[in-house]
Amino acid sequence: MFPFPQGFVWGTATAAYQIEGAVAEDGRTPSIWDVFSAKPGNVRNGDTGAIACDHYHRVDEDLDLLADLGVDAYRFSVAWPRVIDDAGQVNRRGLDFYRRLVDGLHRRGVEPFLTLYHWDLPQSLEDRGGWTARDTALRYVDYAQVVHEALGDQVRHVTTLNEPWVSAWCGYGLGIHAPGHADPGMALAATHHLLLAHGLTAGRLREKDPSTRVGITLNLSPCEPATDTEADRAAARRVDGQLNRLYLDPLRRGSYPQDVLDLYREHTDYAFVRDGDLAAINAPLDFLGINYYRPNSVADRPESSDPLRADVRIPPGVPVTAMDWPVQPDALTDLLHRVSADYGPLPLYITENGAAYEDYADPDGRVQDPQRVDFLRGHLRAAHRAIEEGVDLRGYFLWSLLDNFEWSEGFAKRFGIVHVDYPTQRRTLKSSAHWYRDVIARGGPDV
Ligand code: IFM
């Protein structure tokens with residue numbers, strides 16, 4: 001038995017664009033993901049989030065699933081383009097949807113953990129420069145205040161951003177996510193403005209309502225050298241810098257890591273960093289959310305020192321998920337220790353962890369996913385070990401409640417513990433959902 005502490009928060013997570021659908025209803029305006037996914041070649045099979053899991057119309061059914069699982073908390077995101085229209089006016093009908101969601105959670109005894117930004121920037125703001133423009137950070141603060149005024153009385157935990165690395169580097173540095181730019185200088189400007197949006201908002205919300213717990217969620221991955229050569233060790237440090245320290249250092253120490261700034265000097269002069277910005281970004285945090293999926297085993301690539309072109313390998317003999325991500329739960333324990341030691345003390349939550357596998361319904365309609373159960377068990381045990389060794393880990397949100405729109409992979413990758421048959425929108429609990437319900441009821445995995 002691996003008993004977690006009393007009060008440990010068991011949850012599941014989703015994000016607006018990945019599940020809601022209803023992209024043109026009740027005054028919602030287009031987001032960068034509507035525009036990006038409509039362009040042929042950007043998303044596998046031409047999929048879009050236009051319908052997704054139709055959660056917007058099935059919210060009660062989906063909340064019942066949460067109640068059935070017995071979770072303590074549910075992490076969801078608010079879609080900015082539902083709440084603020086292209087003229088910058090508040091859209092009450094959009095807010096009403098989230099009010100119904102939050103009320104429905106409370107009625108079922110489930111605590112809402114609200115994420116303000118999970119990648120669906122209003123396209124109208126992208127047209128004015130998106131996250132490369134400082135003004136977007138200021139618009140974000142206004143948006144955050146609107147959401148807080150409407151829902152703050154019922155929502156204690158607010159996460160400002162989900163995975164700013166992905167927003168900045170996949171969206172502006174690599175061009176594989178919306179809005180589809182491939183320019184490292186833009187990615188660095190986007191990074192800075194995302195972090196500024198976070199910091200200004202954290203300060204503002206704390207000032208207005210000290211009872212709100214404000215955090216941010218980062219995708220963090222331990223980076224190990226593939227071999228013990230000096231070249232591989234340097235390559236691993238570069239990837240760690242760009243992926244982890246570029247976010248953790250300003251948030252927790254008020255400075256950008258010099259080695260990462262130096263790596264990209266030919267792409268930007270960093271004129272977008274203004275006096276006082278880093279102090280704002282370094283605002284006190286009530287918690288840090290960690291999304292952990294995999295570590296990186298990094299080998300040097302002599303022709304390029306750019307972390308975006310890094311040679312990231314699967315260590316021999318390590319199993320992989322349907323995303324080709326190596327399954328290495330021990331790295332989660334190491335990561336939790338490192339974050340606590342280097343950037344704590346700070347309450348931590350695992351705000352995402354989970355895996356995609358090739359799931360299908362058998363002739364009886366059942367969906368058996370033993371590989372996912374093994375994945376989750378291994379990671380929960382790794383989290384448990386970290387707690388036993390002193391890490392202040394407060395909760396675990398499984399990604400994801402439902403199969404959903406996996407960004408540039410479309411609907412081809414299934415991360416849910418609940419299977420969604422997209423043509424009928426029928427939901428079926430996979431065996432991992434039954435297993436997770438038992439884990440929650442027992443307060444930890446039994447083996
Ligand atoms: O689906 C995503 C989620 O939106 C952000 N974190 C990683 C998940 C799996 O790729």
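Gly276 passes every criterion in (1) without any contact (Cβ under 8 Å) to a residue 40 or more places away in the chain; (2) farther than 30 Å from Arg213 by Cα; (3) over 26 Å from the mean Cα position of the chain (by Cα) apart from (2). Condition (residue is open to solvent by 20 Å² or more (accessible area, probe 1.4 Å), of a type in the set (A, V, I, L, M, F, W, C), assigned to a helix (DSSP H, G or I) and in contact with a helix residue (DSSP H, G or I) (Cβ under 8 Å, 6 or more places away or on another chain)) applied to the range 135-147: is it met by at least one residue? Yes, the range 135-147 contains a residue that is open to solvent by 20 Å² or more (accessible area, probe 1.4 Å), of a type in the set (A, V, I, L, M, F, W, C), assigned to a helix (DSSP H, G or I) and in contact with a helix residue (DSSP H, G or I) (Cβ under 8 Å, 6 or more places away or on another chain).
Residues that are of a type outside the set (Val, Ile, Thr), over 20 Å from Val166 (Cα atoms) and not in a strand (DSSP E or B) were ranked within the range 9-29; the one that is nearest to the chain's Cα centre (by Cα) is Glu20.
Count of the range 258-282 residues, restricted to those that are open to solvent by 10 Å² or more (accessible area, probe 1.4 Å) and under 30 Å from Arg75 (Cβ atoms), is 4. Pairs meeting the criteria (first residue in the range 182-193 and touching a residue at least 24 places away in the same chain (Cβ under 8 Å) and under 13 Å from Pro307 (Cβ atoms), second residue of a type in the set (Asp, Glu) and open to solvent by 10 Å² or more (accessible area, probe 1.4 Å), beta carbons under 9 Å, at least 6 apart or on different chains) are Pro184/Glu266; Pro184/Asp306. Taking the stated definitions as given, is Asp392 in contact with a Pro (Cβ under 8 Å, 6 or more places away or on another chain), under 15 Å from Tyr293 (Cα atoms), open to solvent by 50 Å² or more (accessible area, probe 1.4 Å) and not hydrophobic (A, V, I, L, M, F, W, C)? In short, no. The set of residues from the range 304-330 being among the hydroxyl-bearing types (Ser, Thr, Tyr) and either away from the ligand (no atom under 16 Å from the Cβ) or within 16 Å of Leu243 (Cα to Cα) (or both) comprises Ser304, Ser305. Residues in the range 352-381 that are of a type outside the set (S, T, N, Q) and open to solvent by 100 Å² or more (accessible area, probe 1.4 Å) were compared, and the one that is nearest to the ligand (Cβ to nearest atom) is Glu358. The residues on offer are Arg99, Arg75, Arg82, Arg128, and the sole one that is open to solvent by 10 Å² or more (accessible area, probe 1.4 Å), at negative phi and either of a type in the set (Ser, Thr, Tyr) or not in a loop (DSSP other than H, G, I, E, B) (or both) is Arg99. For the range 148-169, filtering for residues that are touching a Ser or Thr at 6+ places or on another chain (Cβ under 8 Å), within 16 Å of the ligand (Cβ to nearest atom) and open to solvent by 10 Å² or more (accessible area, probe 1.4 Å) leaves 2. Being in contact (Cβ under 8 Å) with a residue 60 or more places away in the chain and open to solvent by 10 Å² or more (accessible area, probe 1.4 Å) is a property that holds for Leu174.
Of all the listed residues (Leu248, Leu346, Leu285), the sole one being open to solvent by less than 30 Å² (accessible area, probe 1.4 Å), part of a helix (DSSP H, G or I) and more than 16 Å from the ligand (Cβ to nearest atom) is Leu248. Give me the pairs, please: first residue somewhere in the range 293-319 and in contact (Cβ under 8 Å) with a residue 24 or more places away in the chain, second residue anywhere and in a loop (DSSP other than H, G, I, E, B) and open to solvent by 60 Å² or more (accessible area, probe 1.4 Å), beta-carbon distance under 6 Å, and either six or more positions apart or on two chains. The qualifying pairs are Tyr293/Trp325; Arg294/Trp325; Asp311/Arg301.
The values are calculated or read from the model by the stated rules, or taken from the named source; none is laboratory data. Treat the numbers as computed from the prediction; the structure is a model and nothing was measured. Positions of Cβ are backbone-derived with ideal geometry, glycine not excepted, and every protein chain shown enters the neighbour counts. Each accessible area value is taken on the protein alone, full model and side chains, heavy atoms only, with ligands, DNA and RNA left out. Shrake-Rupley method; radii C 1.70, N 1.55, O 1.52, S 1.80 Å.
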